[in-house]
1. If SER31 meets every condition in (1) closer than 22 Å to ARG126 by Cβ; (2) in a loop (DSSP other than H, G, I, E, B) apart from one, which number is that one?
2. Part of a loop (DSSP other than H, G, I, E, B) and free of Cβ contacts under 8 Å to residues at least 24 places away in the same chain: which single residue out of GLY123, GLY132, GLY90, GLY147 fits that description?
3. Out of LEU115, LEU105, LEU131, LEU125, which single residue is over 30 Å from GLY207 (Cβ atoms), assigned by TED's automatic domain parsing to the domain that holds GLY53 and aliphatic (A, V, I, L, M)?
4. Against the conditions (1) surrounded by fewer than 20 Cβ atoms within 10 Å (Cβ to Cβ); (2) over 30 Å from LEU241 (Cβ atoms), where does ARG138 fall short? Just the number, please.
5. Within the range 142-187, which residues are surrounded by 16 or more Cβ atoms within 10 Å (Cβ to Cβ) and aliphatic (A, V, I, L, M)?
6. If I ask for residues that are more than 23 Å from TRP204 (Cβ to Cβ) and surrounded by 14 or more Cβ atoms within 10 Å (Cβ to Cβ), which ones from the range 255-270 would you list?
7. For the range 239-282, which residues satisfy the criterion of being among the polar types (S, T, N, Q), closer than 16 Å to SER221 by Cα and assigned to a helix (DSSP H, G or I)?
Amino acid sequence: MIEYRTLDSVPLEAVRECFLRAFADYFVKFSPSLEDFRGMNDMRGVDYSASMGVFEDGALAGFTLNGLGDWRGRRTAYDAGTAVIKSSRGQGYSTEIFNRLIPLLKSRGIEDYLLEVIDGNDGALRLYRSLGFEVTRRFACMKLDAGAFKPGRAADVEISGVPPAGWAELRAAMEDDDGFLPSWQNSWDSLNRMPGRFAVKAAWSGGELAGYGVVSPSSGSVPQLWVKSSSRGRGIGSALLADMAGTSNKAGALSWLNIEESRSDVLDFLAARGFTRTLSQYEMQRPL
């Protein structure tokens, strides 16, 4: 028997087990622990009552996890993960889940649907295009291996930690400048859902904010790095990166997902500091 229903009454371990089975043959290897899986979903704002699974004789065979929040001034659902186990593919489950989710999301006041697809996952790209999604941005994903950091010019700045109470000031400064809009999972809304996971460092020059960086010490992931446009070229970004690498518990290794590919200045800067590109992603969106 095939059944579709929301995931709010499904144990998280069962969702994770389905996730691991579905992504076992994926070209990007990812096997989160239960706590990492929970934290990842919490950060992305996953609402299990707005997420749906397909069940074969009572066993979860596939799902779509949706985060809910505000995005560019509109109530938005973010596809935090769509997966079907290998033995159940080709049955149209993902399309049927999507079609059943649309009225549910509309009833919750959702106006837009947002997601990301790895460049090279042609099947997923075709699926989402057929469902009305259009590419809004292309992202580059970069990594810095342990010990590979290349220092830039010395900077006359003071770097200090910023507690969550001070994050709104950093966000406002970045958005008032020409900082690019972070992806959903790197946004300030996501960071504020799990503030204890991140170290936020600000660079001060002459008593004024010159930039900031955000890093997860446990994983080395970098959601955001920003230097004020009038302060660039003075070694401030290099100083922040050096501090962030020193904060990483991965022997200085860092990774930064979803950098706008149009920002060649940022990508060139990271390459000069020792980062290499790992993959590309498409951001896609459609109105509901």
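The values are calculated or read from the model by the stated rules, or taken from the named source; none is laboratory data. Here the structure is a predicted model, which means the values were calculated and not measured. Glycine also receives a Cβ, built like all others from the backbone with ideal geometry; neighbour counts cover every protein chain displayed.
1. Unmet for SER31, out of (1) closer than 22 Å to ARG126 by Cβ; (2) in a loop (DSSP other than H, G, I, E, B): (1).
2. Only one candidate passes the filter, namely GLY90.
3. Answer to the check: LEU105.
4. Condition (2) is where ARG138 drops out.
5. MET142, LEU144, ALA155, VAL157, ILE159, VAL162, LEU170, ALA173, MET174
6. Listed by number, the residues that qualify are SER255, LEU257, ASN258, ILE259, GLU260, GLU261, ARG263, LEU267.
7. Hit for the range 239-282 is THR247, nothing else.
Here is a yes/no grid of residues against (1) over 18 Å from VAL46 (Cβ atoms); (2) touching a Phe, Trp or Tyr at 6+ places or on another chain (Cβ under 9 Å); (3) of a type in the set (Gly, Ala, Ser); (4) in a helix (DSSP H, G or I):
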residue: TRP167; (1), (2), (3), (4): yes, yes, no, yes
residue: ALA173; (1), (2), (3), (4): yes, yes, yes, yes
residue: ASP178; (1), (2), (3), (4): yes, no, no, no
residue: ALA202; (1), (2), (3), (4): yes, yes, yes, no
residue: LEU209; (1), (2), (3), (4): yes, no, no, no
residue: VAL214; (1), (2), (3), (4): yes, yes, no, no
residue: SER218; (1), (2), (3), (4): yes, no, yes, no
residue: ARG234; (1), (2), (3), (4): yes, no, no, no
residue: GLY237; (1), (2), (3), (4): yes, yes, yes, yes
